[in-house]
Amino acid sequence: MSELNVQKSRRNLLLVIAVFVVPIVLAKFALEQQWFNYGVTNKGQLEEQPLHVSSLGLNIDEFDKKWLMIYRLPTSCDKLCLQQMMSVNNTFIALGKETPRVTPITISGAALDESQQQQLTAKQWMSLSDNEQFQQQVEAAQLLIIDPLGNVVMRHTAPVQTELLPPFGKAVLSDMKKLLKYSKIG
């Protein structure tokens with residue numbers, strides 16, 4: 001074999017090896033350097049630390065193993081508060097056939113007036129009073145999504161601007177639909 005053929009064969013071998021090795025090295029480098037965003041599809045804030053409903057001062061037994069949407073009302077429920085409640089309620093209604101799997105709950109430190117209470121009852125909402133444990137761990141105007149086993153899965157904070165309420169509702173709806181789709185419990 002001539003020297004030229006040997007060089008050509010070595011070059012071809014190196015090219016074949018490079019075709020397989022270079023993509024692997026580039027992929028490893030891209031992962032280590034975080035060149036791209038990981039596939040995050042949730043809109044709310046996932047709970048990183050385990051948090052159970054009992055540590056919030058709530059009794060899970062009375063909710064019949066359903067998913068819970070717990071919305072903590074601000075201390076005084078003004079026009080914005082009512083709009084936030086309406087946005088959360090519209091999200092609950094938009095769940096469609098999945099609504100029997102979810103129980104919407106409001107938690108309030110201040111007593112609601114009679115018309116607000118009637119609106120909540122007419123819309124299938126449960127209303128609970130606030131407690132100190134809950135106040136310490138959940139901010140006002142925050143929505144918690146809790147699985148049927150009583151674990152807090154996700155948090156959403158309601159916006160303070162009226163024009164941001166529709167995207168907020170869509171974000172909660174998106175997360176709830178995904179959770180209900182992949183969950184076989186509740």
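Report the residue count in the range 130-145 for those that are farther than 14 Å from T106 by Cβ and either surrounded by 20 or more Cβ atoms within 10 Å (Cβ to Cβ) or small (G, A, S) (or both).
Selection size over the range 130-145: 1.
Considering every residue within the range 141-162, establish whether at least one is under 16 Å from the mean Cα position of the chain (by Cα) and acidic (D, E).
So far as the range 141-162 goes, yes, one or more of its residues are under 16 Å from the mean Cα position of the chain (by Cα) and acidic (D, E).
Would you confirm, using the coordinates I've provided, whether E48 is assigned to a loop (DSSP other than H, G, I, E, B) and free of Cβ contacts under 8 Å to residues at least 60 places away in the same chain? Please lay out each step first, then the result.
Numbers: assigned to a loop (DSSP other than H, G, I, E, B): yes; free of Cβ contacts under 8 Å to residues at least 60 places away in the same chain: yes.
Against the criterion (assigned to a loop (DSSP other than H, G, I, E, B) and free of Cβ contacts under 8 Å to residues at least 60 places away in the same chain), E48 qualifies.
Could you check H52 against (1) farther than 16 Å from Q137 by Cα; (2) open to solvent by less than 80 Å² (accessible area, probe 1.4 Å) and say which number it fails?
Every condition holds for H52 apart from (1).
For the range 154-178, what are the residues that are open to solvent by less than 70 Å² (accessible area, probe 1.4 Å), at pLDDT below 90 and of a type in the set (A, V, I, L, M)?
Within the range 154-178, A158, L165 meet the criteria.
Taking the stated definitions as given, is T103 over 20 Å from A140 (Cα atoms) and open to solvent by less than 40 Å² (accessible area, probe 1.4 Å)? Quick ask: steps written out before the conclusion?
On the way: over 20 Å from A140 (Cα atoms): no; open to solvent by less than 40 Å² (accessible area, probe 1.4 Å): yes.
Considered against the rule, which asks whether it is over 20 Å from A140 (Cα atoms) and open to solvent by less than 40 Å² (accessible area, probe 1.4 Å), T103 comes out as no.
The values are calculated or read from the model by the stated rules, or taken from the named source; none is laboratory data. Since the structure is predicted, the reported quantities are computational estimates derived from the model, not experimental observations. Virtual Cβ from ideal backbone geometry, glycine too; neighbours counted across all protein chains shown. Calculation scope for accessible area: heavy atoms of the full protein, side chains included, ligands and nucleic acids excluded. Shrake-Rupley method; radii C 1.70, N 1.55, O 1.52, S 1.80 Å.
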